[in-house]
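The values are calculated or read from the model by the stated rules, or taken from the named source; none is laboratory data. Small disclaimer: the values here were computed from a predicted structure and weren't measured. Methodologically, a virtual Cβ is constructed for each residue, glycine included, from the backbone with ideal geometry; neighbour enumeration extends over all protein chains shown. Only protein heavy atoms, including side chains, enter the accessible area calculation; ligands, DNA and RNA are left aside. Shrake-Rupley method; radii C 1.70, N 1.55, O 1.52, S 1.80 Å.
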Amino acid sequence: MAKRIDVSGLTAYYGAHKAIEDITLHVEPQAVTAFIGPSGCGKSTFLRTLNRMHEVTPGGRVEGKVLLDNEDLYGPGVDPVAVRRTIGMVFQRPNPFPTMSVYENVASGLRLYGGRRMRKSELDAVVEKNLRDANLWNEVKDRLHKPGSGLSGGQQQRLCIARATAVSPDVLLMDEPCSALDPISTLAIEDLISKLKASYTIVIVTHNMQQAARVSDRTAFFNLAEVGDPGRLIEVDATAKIFSNPSVSATEDYISGRFG
Ligand SMILES: Nc1ncnc2c1ncn2[C@@H]1O[C@H](COP(=O)(O)OP(=O)(O)OP(=O)(O)O)[C@@H](O)[C@H]1O
């Protein structure tokens with residue numbers, strides 16, 4: 001079930017280095033929110049604070065609050081592994097488990113986390129549903145038991161999306177999911193994102209302005225004053241507004257290609 005994310009006063013560090021500062025942002029459910037901004041402004045860092053992946057990096061530390069439908073993800077007693085199951089992630093480079101088949105890749109999270117063992121017929125149905133939802137079923141139905149790493153890059157990325165959705169997350173975080181793909185595969189992923197937003201809350205980091213304009217409902221622009229300074233949220237609004245009439249001149253300069 002898609003859930004709302006409310007971030008308030010979030011600051012994140014790598015050791016002594018403050019990477020992002022004082023970010024307050026609401027992410028709507030059943031919508032796509034794009035994070036844009038120049039390199040190093042902290043888009044990926046911020047994304048990883050939303051599912052507690054940031055703290056996996058040595059020295060990674062967070063101050064502030066992240067609420068998922070009012071549940072404090074950094075509250076005492078919250079299990080970060082459970083958070084990462086609820087808030088799934090898709091990375092820049094497709095990363096199917098290389099030794100696993102297409103089928104096993106999709107089923108892997110269910111086997112790893114499943115409280116009870118699923119029957120084979122149940123597992124088959126979940127794998128098929130998620131491959132269909134990822135617009136991949138027709139391409140792989142005859143090679144389910146071949147290695148996932150044998151698929152094309154675009155197919156591998158859709159496989160990773162099927163793997164992420166198989167565990168029924170509330171949110172999907174995508175960190176430049178198309179940057180390693182050709183234009184046709186990119187469009188396939190964008191179509192998929194538009195379809196998946198009916199069921200999930202989606203956040204996508206992208207360097208591609210056209211992509212942000214095509215796929216997102218809301219856009220958040222991040223920036224940093226100088227190299228090495230922490231990144232900050234400059235503004236967030238409906239994507240149509242950000243791209244036609246942003247409130248802050250730095251946003252306009254960035255989207256019109258004057259810097260970054
Ligand atoms: N593992 C790390 N250890 C130390 N510092 C890091 C690490 N990862 C990122 N940083 C620093 O944190 C800041 C934000 O980086 P981040 O990768 O989040 O920015 P970004 O906006 O996603 O950049 P890009 O668009 O180039 O991917 C930068 O100053 C970066 O050097």
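With protein chains left intact and a 1.4 Å probe, residues in the chain average 45 Å² of accessible area per residue.
Among Gln92, Phe35, Leu110, pick out the residue whose Cα is farthest towards the positive end of the charge dipole of segment 26-144, where Lys and Arg carry +1 and Asp and Glu carry -1 on C-beta, about the Cα centre. So the residue we want is Leu110.
If you fit an axis through the alpha-carbon atoms of helix 102-113 and take the longest principal axis of the Cα set of the chain, what angle between them do you get, 0 to 90°, nearest 10? Roughly 70 degrees, rounded to the nearest 10. Each listed q (0.22 Å⁻¹) maps to a log10 I(q)/I(0) for segment 73-203, found by the Debye formula over equal Cα scatterers with no solvent: -1.41. Distance from the Cα centroid of segment 196-215 to that of segment 12-68 is 17 Å (rounded to whole angstrom). Rounded to a whole number of µm²/s, how large is the Stokes-Einstein D of segment 1-43 at 4 °C and 1.567 mPa s, given Rh as the Kirkwood radius over C-alpha pairs? Roughly 108 µm²/s, to the nearest whole number. What you get for the chain, charging only the Cβ of Lys and Arg (+1) and of Asp and Glu (-1), is a dipole of about 980 debye around the Cα centre.
Take the Cα radius of gyration of segment 213-260 and divide it by 2.2 N^0.38 Å, N being the number of residues; the result is 1.13. Here's the picture: charge each Lys and Arg Cβ at +1 and each Asp and Glu Cβ at -1 in the chain, and of Leu144, Thr201, Thr57 the one pushed furthest to the positive end of that dipole is Leu144.
Across q = 0.17, 0.21 Å⁻¹, segment 139-260 modelled as identical point scatterers on its alpha-carbon atoms has Debye log10 I(q)/I(0) values of -0.94, -1.24, in the order of the q list.
What does the helix-only formula give at 222 nm for the chain: each DSSP H stretch with n ≥ 4 adding -39500 (n - 2.57), the total divided by the residues, and the result rounded to the nearest 500 deg cm²/dmol? Taking each H run of at least 4 residues, the total per residue is -10000 deg cm²/dmol.
Here the Karplus relation 6.51 cos²θ - 1.76 cosθ + 1.60, evaluated at θ = phi - 60°, turns the backbone of segment 51-62 into coupling constants of 10, 6, 7, 4, 6, 6, 5, x, x, x, 8, 10 Hz, with x for every Gly and Pro. Shown here is the pair-distance distribution of the chain: with all Cα-Cα distances grouped in 5 Å bins from zero up to the longest one, the shares run 1, 6, 13, 17, 18, 16, 13, 8, 4, 2, 0, 0 percent.
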